[in-house]
1. Name the residues whose placed amide hydrogens come within less than 5 Å of the amide hydrogen of Tyr414, ignoring near sequence neighbours (fewer than 5 apart) on the same chain.
2. List the residues whose amide H sits under 5 Å from the amide H of Gly82, counting only those 5 or more places along or on another chain, with H placed 1.01 Å from N in the peptide plane.
3. Under a point spin-label approximation (7 Å from Cα along Cα-to-Cβ), what is the Asp446-Asn83 distance to one decimal in nm?
4. How many nm separate the modelled label positions at Gln376 and Ala65, each set 7 Å beyond the Cα in the direction of the Cβ?
5. Residue-wise, which Karplus ³J(HN,Hα) couplings in Hz belong to region 414-427, taking 6.51 cos²θ - 1.76 cosθ + 1.60, θ = phi - 60°, and x for glycine or proline?
6. Determine the sum of side-chain charges near Ser144: Lys and Arg each +1, Asp and Glu each -1, restricted to other residues whose C-beta is under 11 angstrom from that of Ser144.
7. Could you tell me which helices of the chain pass both thresholds, a Cα extent of 20 Å or more along their own axis and a mean Kyte-Doolittle hydropathy of at least -1.0, with helices taken as whole DSSP H runs?
8. Using the Cα gyration tensor of region 103-146, with a ≥ b ≥ c the square roots of its eigenvalues, what is the shape: rounded (a/c below 1.5), prolate (a/b larger than b/c) or oblate (neither)?
Amino acid sequence: MSPPGLRSPALLQTLSLVADPIAFFDRASAQYGETFTTRVLGLNSPPVVFLSNPDAIQAVFTTLADAFEFGKVTHVFRPLVGNESLIMQEGERHQRQRQLLMPALHREQLHSQGHLICQLAQKRMIEWSVGDAIAIRSEMSEISLQVILQVVFGLVPGVRYERLKQLLAQLLEAITSPLYSTQFFFPMLQQNLGRWSPWGQFLEQMAQIDALIYAEISDRRSQSLQNRTDILSVLMMARDEDGESMRDQELRDQLMTLLLLGHETTASGLTWAFYWLHRYSESLDRLRQELDQLGENPDPIALSQAPYLTAVCKEALRVYPIALISQPRKVKRTIEIEGYTYEPGTVLIPCIYLAHRRARTYEQADRFDPDRFLKQKFSAYEYLPFGGGSRSCVGMALSLFEMKLVLATVLSWYEFETNLDHAVRPARRGITFVPPDTFRLKVVSDRATILELIHNP
């Protein structure tokens, strides 16, 4: 028996999902429950089943992991991340790339970058003044892009840095448009009809970006990498079991993967954290108390280990996760999960958004409550903001580390008031959902001045 589901035409379902995924999931789960069937992968879509039950998700991530293939269902990302991207690989190739990537993105390796992340946040917010209404999403997006360029790519400000920053910002802005991103779902729209056509413009953008990335890789190969700690350099020094390093295209594709999956997503998580903290002042006060106890200019590692700060970031990623779904899995052989039978060709997708809103798992699931992460430990199948199993996001540690440091740095410097006195509906931005662009935080005081007056009345 297959799960119940939508019966409307595949094209209509696909467009509905692309236009408003949250509304799509809310409607379908309300009607069909925790497991439902759709056809949302274009005109000739196979059955696509969304899962939010923890037992079903566990089966997908662990016990039945060998029953799936991945590359064929991630085709929508291929034009952006390339053939050599980690998310395109399967089997031994996927294992090899993951083994090469993980040390560069391990928590301990990232610690060396903590001060740089804090400095990048400080450099951006030093331009803010009392009375300014800060567009938090765009500011967090700017900080996150600079983190990727300097911490991930290892670039230093200069001509190449500024040009790449400009091009990447344009690309990232373009793919947030539902109309623009629709072409990645429908190969028939991927026609290069010259510079005036949407796909032609995209290909030209990618060519310019690639030229800069390959130039940086080439320059880096002619330099000593021994004292460098940026992720690109660490990746270039990494060796697999056969002593082989990553080729230029592999490096390029991993960088683009980290950019596309780590830029707007982290900025989105940060924006929600600021939004919720200024909706629930008791949480903000409690976080400020924790940060104040760490003293002036605390060590980034100590910051990243602060319990309530960690709980705030986790809860922000729960209420509106940075990715609504985990990586799709295509069934290779007939399997059974939770009483449902899935034939080869069926696509299974753990739905992070619905798993995080599950009433049986989370009491008052719609409410922002960081305390739930201090009182209870949730399983990897109940709380999965970065996916799970062998396909979990390799940038998980970097994203969470960056969120904690940027949030703490900003809140240590300034006090704000919000311009919104009501709950908001998330607005789609690329593959993420953020508070609407009308959300602003007004700078009401410089905390450095306040704290100085407290200590020296």
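1. Residues meeting the criterion, in which the H sits 1.01 Å from N, are Arg447.
2. For Gly82, no residues qualify.
3. Those two pseudo-labels are separated by 5.6 nm.
4. A separation of 2.6 nm, rounded to one decimal place.
5. Working through the residues one at a time gives 10, 10, 10, 10, 8, 8, 10, 10, 9, 5, 10, 9, x, 10 Hz.
6. Values: positive: Arg124, Arg137; negative: Glu139, Glu142, Glu264, Glu402.
Net charge around Ser144: -2.
7. On the way: long enough: 159-174 (23 Å, -0.09); 198-221 (35 Å, -0.30); 248-279 (46 Å, -0.16); 396-413 (26 Å, 1.50).
Qualifying helices, which must be both long enough and hydrophobic enough, are 159-174, 198-221, 248-279, 396-413.
8. Details: a/c = 4.17, a/b = 2.36, b/c = 1.77.
Cα axes put region 103-146 in the prolate bin.
Only the coordinates and a few stated rules stand behind these numbers; no lab work does. Because the structure is predicted, anything quoted here is derived from the model rather than measured. A quick note on method: Cβ atoms are made from the backbone with ideal geometry, for glycine too, and the neighbour counts reach across all protein chains shown.
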